[in-house]
1. When you scan segment 29-45, how many residues do you find that are out of contact with any Phe, Trp or Tyr (no Cβ under 7 Å at 6 or more places or on another chain) and crowded, with 21+ Cβ neighbours inside 10 Å?
2. Exactly one condition in (1) without any contact (Cβ under 8 Å) to a residue 60 or more places away in the chain; (2) among the aliphatic types (A, V, I, L, M); (3) closer than 19 Å to GLU65 by Cα is not met by ALA149; state its number.
3. Go through (1) touching a Gly at 6+ places or on another chain (Cβ under 9 Å); (2) part of a loop (DSSP other than H, G, I, E, B); (3) closer than 26 Å to SER35 by Cα for ASP134 and report which single condition fails.
4. Considering each residue of segment 124-142, count those that are in contact with a helix residue (DSSP H, G or I) (Cβ under 8 Å, 6 or more places away or on another chain), modelled with pLDDT of 95 or more and surrounded by 21 or more Cβ atoms within 10 Å (Cβ to Cβ), and give that number.
5. Can you tell me which residue in segment 152-188 is surrounded by the fewest Cβ atoms within 10 Å (Cβ to Cβ), limited to those that are among the charged types (D, E, K, R) and touching a residue at least 12 places away in the same chain (Cβ under 8 Å)?
6. Tally the residues that are more than 16 Å from MET54 (Cβ to Cβ) and surrounded by 22 or more Cβ atoms within 10 Å (Cβ to Cβ), restricting the search to segment 195-209.
7. Of the residues THR90, THR114, which single one is out of contact with any Lys or Arg (no Cβ under 7 Å at 6 or more places or on another chain), farther than 19 Å from LEU26 by Cα and not hydrophobic (A, V, I, L, M, F, W, C)?
8. Is at least one residue of segment 127-144 of a type in the set (D, E, K, R), closer than 19 Å to PHE180 by Cβ and without any contact (Cβ under 8 Å) to a residue 24 or more places away in the chain?
Amino acid sequence: MRLKFGKRRAVEEGLEVTEERGVRTLHLGSRAIQSAMRVSRPWDLELAYTRAMMGFLMFKPAPAEVLMIGLGGGSLAKFIRRQRPQTHITAVEIDPRVIAVARSQFELPGNDATLDVIEGDGALYVRQHPASADVILLDGFDAGNQVEALATQTFYSACRRVLKPGGVLVVNLWGRDSSFAEYLARLARAFDGEVGWISVQNKTNVILFAFAEPGAPQRLEAAKPQLADLSKRWGLDLRGFARDMQWAEGIAPLLG
């Protein structure tokens, strides 16, 4: 698929790429932006919610294995690959068109020793790979809606089994999704209440962090003196994320 620079738009059976003012965006069957890339800096994280998903660094600053469920334009994979080439990234994407567009339009590199993009069902993959990841980045949307198979109680429980000791599951959800409260409750059940979150742009996105082991608030408090250096190294406002992090005891206001 080639981007048409007249209207700056390309369409292929529910998949659309647009470009305006130097920012290229991916849409899957709706106007919702699935991924965005500044053409002059293709490795950067253009969207606020993707930067917030990197908040896992507050708890896991040097992950060896990152598993992505849902590829989009590959923004997170490109960013981690550039900033920390020692980390191995596995990205599981069910739609081959998305993989093709990520590579042809969003500068996602081919598979190598650092990156392994797999065409497959993320729900099936997690059931087959226990204790294989330090961090899971879950961003599963289709035509603007959460993919239900990637938000069930069974799936979240399987994600916990995928995590190594001290691991973190990071989930992007729409804060105003009618099923948001149920998704959050499922996560809390699967992870014994060890859940925190960052609200992005007034709950447009809510980034949830679920922890394989207890004590995440205490670990964050202990990590705060290192966040300035870590923020500089990654080019992220991790200190701001630490201030914005909320924990399970504050769940009622979020759901209101």
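1. The total comes to 0.
2. (3)
3. (2)
4. 6
5. Result: ARG176.
6. 1
7. Criteria check complete, one pass: THR90.
8. no
The values are calculated or read from the model by the stated rules, or taken from the named source; none is laboratory data. None of these values were measured; they are calculated from a predicted model. Glycine gets a Cβ as well: all are built from the backbone with ideal geometry, and neighbour counts include every protein chain shown.
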